Amino acid sequence: MKFKIIGVIAICLVIIGASYYVINLDTTKEEKKQSSDEPAIITGNITSFDDAVNVFGFNLFRQLYDNLDGNIFYSPYSVFVALAMTYEGARGLTAEEMADVLNIEQDNESFHQYMNILYKFLNQNSEYNISTANALWIKEELELLKEYIEIIQTYYGGEATNVDFNNAQGATDLINQWIENQTNNLIKDLIKPEYINPMTALILTNAIYFKGMWEVQFDPNNTTDREFEVSPDNTINVPTMCLTDTEDLFNYTETDDLQILELPYSGDDISMVILLPKDDANIGDIVNSIDNEKLNEWINLMTEEELDIYLPRFKVETENYILNDYLINLGMPTALSNDANFSGITELYDLFISKVVHKAFIDVNEEGTEAAAATAVVMELTAINGGSSRIFFDVHHPFLYLIQHKQTGTILFMGTINNPQ
């Protein structure tokens with residue numbers, strides 16, 4: 001069995017071991033159950049905006065799972081918000097493809113209000129520590145449309161900063177320091193100097209941080225080494241937290257293939273849900289079959305039960321995930337090509353997405369969970385600088401040169417430069 005630990009912080013939801021929890025801004029879980037039979041208000045091609053994030057999250061996660069080895073951890077919320085800010089400026093086919101991937105409509109006031117409410121909710125003080133932040137990093141002298149900047153500031157809380165992208169190291173240090181500050185120093189080096197060149201025009205960033213204590217904490221004295229089956233042929237001993245013989249009740253349900261447990265954090269606004277395949281079930285089959293509808297169904301079937309719980313301690317810090325190919329596979333290739341249309345961001349230049357990069361961290365222990373993630377969408381000028389009479393000539397790689405007699409066209413000298421130093 002391929003072993004993967006999955007932890008996700010997104011829209012006030014934390015997912016571990018393919019876990020999930022939805023925070024409704026206006027209703028409790030019981031109220032949500034009672035209203036489940038009421039007709040849904042259709043907005044665009046989805047029934048709710050949290051569904052949009054989650055549907056996107058599962059679709060992207062399957063891409064990650066099918067293409068990466070080892071433990072996987074990422075934030076659907078972070079990636080979704082970074083792309084949603086980019087989508088605000090997409091037009092034409094670019095916008096149509098992004099709308100299908102993100103499951104949201106453009107220029108939708110209800111969606112804007114949802115993002116604004118969610119942003120404020122995630123940044124208010126509570127019994128747990130959670131925060132999120134957005135920012136635009138704009139090439140010096142690049143003019144963005146006033147309407148676009150106002151949307152990002154008003155609904156996403158994103159501030160705009162001018163950056164000298166000709167100084168790749170300086171720009172990298174500036175943006176990475178902002179990300180570190182927003183993630184309690186957990187996410188480092190999201191932006192690398194090689195991501196930036198003189199064609200870089202705009203970088204959009206989202207960062208999210210979470211730290212919560214279990215409502216019922218594990219006693220560290222009860223943590224012992226227990227066997228963990230990485231695969232049928234590989235069993236290891238890992239420090240395992242234990243919560244047994246208590247009168248505490250936890251939301252629980254099961255299917256033919258899964259045991260599903262909810263572990264709330266203090267305040268009971270955020271929880272971790274663990275989906276544990278039964279002995280004969282394959283985690284890969286679960287990942288490839290699970291969707292938002294099934295998850296909501298399972299959560300609604302949960303009842304309070306007494307359980308003996310054994311949960312390994314774990315910590316995951318991912319390398320940078322470059323998401324370009326996965327987003328193309330999901331159906332938005334135009335945004336990542338020279339045919340992209342982001343004229344809703346600026347009318348003076350043609351932009352395209354050159355890179356979408358994501359990084360995440362999670363630490364689960366007896367007290368609770370600390371997690372963070374950040375996403376950056378790097379946008380560059382296309383090869384043809386539409387709307388401007390100036391030609392961009394950037395000698396930043398090996399080149400050929402010659403000295404020619406102009407009147408006759410005779411080449412007098414010719415050579416290549418592979419390393420100017």
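Any read-out appearing in this document is the output of simple, stated calculations on the displayed coordinates, not a laboratory observation. Model, not experiment: these values are computed from the prediction. Reconstructed Cβ throughout: ideal geometry from the backbone, glycine too, with neighbour counts over all protein chains shown.
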Quickly rank 274-281, 314-321, 194-201, 228-235 as a protection proxy: mean count of other C-beta atoms within 10 Å, highest first. 194-201, 314-321, 274-281, 228-235
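In nm, what is the difference between 0.36 nm times the number of residues separating GLU306 and ASN197 and their Cα-Cα distance? Before the final figure, lay out each step's value.
Details: separation 109, 0.36 × 109 = 39.24 nm, distance 5.72 nm.
Taking 0.36 nm per residue and subtracting the Cα distance, the gain is 33.5 nm.
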Label ASP107 and ASP256 with points 7 Å out from Cα along Cα→Cβ: what is the distance between them in nm? 4.9
Peptides 113-122, 355-364, 300-309 ordered by average Cβ neighbours within 10 Å, highest first: 355-364, 113-122, 300-309
Pairs LYS139/LYS211; LYS188/LYS294; LYS146/LYS192; LYS211/LYS278; LYS192/LYS294; LYS278/LYS355: which exceed 32 Å Cα-Cα? LYS139/LYS211; LYS188/LYS294; LYS192/LYS294; LYS278/LYS355
Given a Förster distance of 35 Å, the FRET efficiency implied by the Cβ-Cβ spacing of GLN177 and LEU348, rounded to the nearest 0.05, works out to 0.75
Stretch gain in nm, segment VAL230-ARG313, where the contour uses 0.36 nm per residue and the Cα spacing is subtracted: 28.4 nm
For THR223, the residues 5 or more places away or on another chain with a placed amide H closer than 5 Å to its own amide H are CYS242
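Can you figure out the FRET efficiency of SER289 with ILE322, using R₀ = 30 Å and their beta-carbon distance, to the nearest 0.05? Present the calculation step by step, with values, prior to reporting the outcome.
Values: r = 27 Å, r/R0 = 0.89.
Efficiency computed from Cβ-Cβ geometry: 0.65.
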Among the aspartates and glutamates, select those whose C-alpha is under 15 Å from the C-alpha of LYS315, and discard any that sit fewer than 8 residues away in the same chain. ASP363, GLU366, GLU367, GLU370
